Amino acid sequence: MNVKTNENVSLKGEGLLETMRETIKDGLIPSKIFHDEDIYKLEKERLFSKTWNFLAHESEIPNNGDYVVRYIADDSFIVSRDNKGEIYVNLNSCSHRGMELCNVERGNSSHFRCPYHGWTFKNDGKLIGVPLEKKIYGNDSGLRQTCSLVSPQVGVYNGLIFACIDQNAESLEEYLGDFKWYLDIYTNKTSGGIEVVGAPQRWVAEANWKTGSDNFVGDVYHVQVTHRGNFEVAAKLTNTDIGSIDMHTTGGVQVTAGKGGLCLIEVPPGMVAGMPDLFHESIKENLPEQLAVLNSEQFSLKELNGTIFPNFSLLTTPSVQLPDGTIAVPHFLTLRVWRPIDSGKMEIWSWVFVDKGAPEWYKERAYKEYVTTFGPSGTFEQDDAENWQGITKIAKSSMAKDRYLNYTMGMKNNNADEIPNWPGPGKAYSSAVNEANQRNFFSLYLDYLSKK
Ligand code: FES
Ligand code: FE
C-alpha cells in the first residue's frame, strides 16, 4: 500500500482508525492521532476505561491510614491503606451527589468526610456516617449497604499498585503477561525491591500523552541528537574528545512482551547486567534467570527504557563505575505516567525510586542524579519535552494533520524480524535502535480502540 501524504484528508474518529490498521503494516501512522478531539474521546471510552493503569507504589503509603489521590485520565481515585494494612482504591466521588470527596493529594486519615453534606466513608470505602440518617432516611435506610464508594479492579505487582475501571477485564497478572519477567529486572535488583524517594513530581506539557509512551517504548534513536548537549558537557568535564564517544551505537535489542515493550542496550562484556559491583551478589540471588540472558556468551545487555501499555513508562539509567571501583555515576529508576488531560495536553507524573537494599550513600547520590537529569528541570527531561510539544502542535495544523508519520525503521533491513531463539520471554528484535516496539504499541492501541 502506498499512502500519499494528503490522502484520507477528511477521515475522522473510527474511519481514521480503520485506515490506520492498513497503513501501520507499511509503518505509517496518521499524524492526526496525536492531536484530535474525536480520537481522545475514543481513547477515554475504549482504552483508559479498559486497561490496567499504574497509580502508586506501596512505599508511598507505608503506614495504616496513609492515602494518596491518583488519576486514570480524568477519573480521580483515593489509594489508601486501611487500619489493617490492606490497600484499597476507591473512586474519589461521594455516593450522595458525586462531590469530590478528598481534595488533599496525600495524608493520613481513618475516614473521609464529604464537604457537601457530611456523608462519611471509612478509608476502605465503606459508608459509616450519614447526618440525620434515621430522621430523614428512616430507621432502615439501607444506605450503608448500597452506598459504599465505587471501586475499580485493583492489582499489585512487586509493590506497584494498578487499577482497571473495567470489572470484566483480565487480571493484572494476565495483562502484564511476559512483561513481568522484565519488570522484575527494574524493580527487584535487591531484596525488598524498590522504594520511592519523596512525592512524585508533576508538570503539564502541551503534548499528547502518546508522545511519551512512544518515546519510552523504544526510541533510543533520539538520544544522540536530542541529548547531544549533555554528552558535550560530559566530554568537557572529563576532558574527553566528543568525537571519540560513539553516540551512534546500534547494538542492543528491542523486546515486546505482554502489554509492554522495552529496550535492552549493550554494555561492556563482563559487567553484570550493566550494574556496579556492589549490586552483583543481590542480582545473582534475585534475578538468576534474567542474569543468564543479560550476561551470556551471546549478549551483554542492560535494561534502559520501556512502556507498559498504555501510558506507564520506566527508565533506569546506566551507571558508570571507574576501573578502580569508584562509582562515577549511580543509576536510578524513574517511573512515569503520561496522564492525558486533553487531546493535546498531558500531566507528566514522575517518580524516582532507589533499590531498597542499596547503601544510603548510594541512594542519596542516585536521587541527586535523577534531579539533574530526569527531574522536571533536569537536562535530559527538558530536551524531550520540546520534541513532544513540537509534534503535538504541528499535528493540529491544517496541512500537517493529514500526514502520515514514518515508523518504518527496521522493516527494510530485517531488524524488525524476531531474533530466533531469543532466550527471554516475548519477542526480541535486533538493535535497540528500531521501531518494531512502536509498531507493536500502536497495533495494540488499535486493538483497544476498535473494540466497542
Ligand atoms: Fe457528599 Fe452530599 S455530596 S454528602
Ligand atoms: Fe530522551
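The values are calculated or read from the model by the stated rules, or taken from the named source; none is laboratory data. Here the structure is a predicted model, which means the values were calculated and not measured. Using ideal geometry, Cβ is built from the backbone for each residue, glycine included, and neighbour counts are taken over all protein chains shown. Just the protein is used for accessible areas: all its heavy atoms, side chains included, with ligands, DNA and RNA removed. Shrake-Rupley method; radii C 1.70, N 1.55, O 1.52, S 1.80 Å.
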Exercise. Using just the helices of the chain, give the 222 nm mean residue ellipticity in deg cm²/dmol: DSSP H runs with n ≥ 4 each add -39,500 (n - 2.57), and the total is spread over all residues, rounded to 500.
Key: -7500 deg cm²/dmol
Practice problem: Report, in degrees rounded to the nearest 10, the 0 to 90 angle that the Cα long axis of helix 228-237 makes with the longest principal axis of the chain. | Solution: 70
Quiz prompt | Nearest 10 degrees, 0 to 90: helix 360-373 Cα axis against the chain principal axis | solution = 80
Quiz item: Which one of 34, 130, 73 is farthest out on the positive end of the charge dipole of region 16-162, using unit charges on Cβ (Lys, Arg +1; Asp, Glu -1) and the Cα centre as origin?
Solution: 130
Quiz item: Sequence-distant or interchain residues sharing an amide H contact under 5 Å with residue 309, placed H: which?
Solution: 260, 261
Quiz prompt | Using θ = phi - 60° and Karplus 6.51 cos²θ - 1.76 cosθ + 1.60, couplings along region 285-299 (whole Hz; Gly, Pro as x) | solution = 6, 8, 10, x, 5, 5, 4, 5, 8, 5, 10, 10, 5, 7, 10
Self-check item: C-alpha long axis of helix 13-23 to longest principal axis of the chain, angle in °
Solution: 30
Quiz item: In region 125-252, what percent of the accessible surface is made up of carbon and sulfur (1.4 Å probe, ligands and nucleic acids excluded)?
Solution: 51
Quiz item: Roughly how many debye, to the nearest 20, is the charge dipole of the chain about its Cα centre, given +1 on each Lys and Arg Cβ, -1 on each Asp and Glu Cβ, and no other charges?
Solution: 1340
Exercise. Indicate the gyration tensor shape class of the chain (rounded, prolate or oblate), computed on the Cα atoms with a ≥ b ≥ c the square roots of the eigenvalues: a/c under 1.5 is rounded; otherwise a/b larger than b/c is prolate and the rest oblate.
Key: oblate
Quiz prompt | Cα→Cβ-extended label distance, 7 Å offset, between residue 285 and residue 86, nm | solution = 3.3
Quiz item: Could you give the length gained on full extension between residue 22 and residue 360, defined as 0.36 nm per residue of separation minus the Cα-Cα distance, in nm?
Solution: 116.4 nm
Self-check item: Karplus 3J(HN,Hα) series, Hz, for region 266-275 with 6.51 cos²θ - 1.76 cosθ + 1.60 (x for Gly, Pro)
Solution: 6, 10, x, x, x, 6, 6, 6, x, 10
Practice problem: Tell me which residues come under 5 Å, amide H to amide H, from residue 55 once H is placed; ignore anything under 5 positions away on its chain. | Solution: 161, 162, 163
Quiz prompt | Amide H within-cut-off set for residue 141, under 5 Å, with H built and near neighbours excluded | solution = none
Self-check item: Probe 1.4 Å, protein heavy atoms only - accessible area per residue of the chain in square angstrom
Solution: 45
Practice problem: Go through 401/451; 12/393; 259/396 and tell me which ones have a Cα-Cα distance over 23 Å in this structure. | Solution: 401/451; 259/396
Quiz item: Ignoring any ligand, DNA or RNA, what whole percent of the accessible area of region 312-378 comes from carbon and sulfur when the probe is 1.4 angstrom?
Solution: 57
Quiz prompt | Per-selection metrics, region 10-59 (Cα): Rg and Dmax in Å | solution = 14.1, 49
